[in-house]
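Comments concern the structure below.
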Amino acid sequence: MRYLITVLAITTLTIAAGCSPQPQTATIDPDEPLTVEVWTELDIGQKYELETLEWLRESNPKLKGERQWTKFMKEVVVPQRRKDIPTDY
């Protein structure tokens, strides 16, 4: 949970600071499960929203447990965010 809050806070601050990430395109249907592959193609503004991450978790049975979700956040989401939104520290 702490990782999720950190991801969301840094994303919000970066966007608020005027950084404009490169747009990516993906067509998604909100009625369909969200796969990790589709999630990686989402635009940065949508990718790290709480609702999108919750949708991703609910769509993947392997991520429903707290340990599995924390591991996924640490190994997939945080590194992907670092690629999408690089920082200089």
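Numbers at a glance
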read-out	value
Complete set of residues in region 67-89 that are in a helix (DSSP H, G or I), open to solvent by 100 Å² or more (accessible area, probe 1.4 Å) and without any contact (Cβ under 8 Å) to a residue 12 or more places away in the chain	Arg67, Lys71, Glu75, Arg82, Lys83
Region 12-58, subset modelled with pLDDT of 65 or more and among the polar types (S, T, N, Q), residue least open to solvent (accessible area, probe 1.4 Å)	Thr52
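The values are calculated or read from the model by the stated rules, or taken from the named source; none is laboratory data. Worth saying up front: this structure is predicted, and the values here are computed from it rather than measured. Backbone-built Cβ (ideal geometry, glycine too); neighbour counts: all protein chains shown. To get the accessible areas, we keep the full protein, side chains included, count just its heavy atoms, and leave off ligands, DNA and RNA. Shrake-Rupley method; radii C 1.70, N 1.55, O 1.52, S 1.80 Å.
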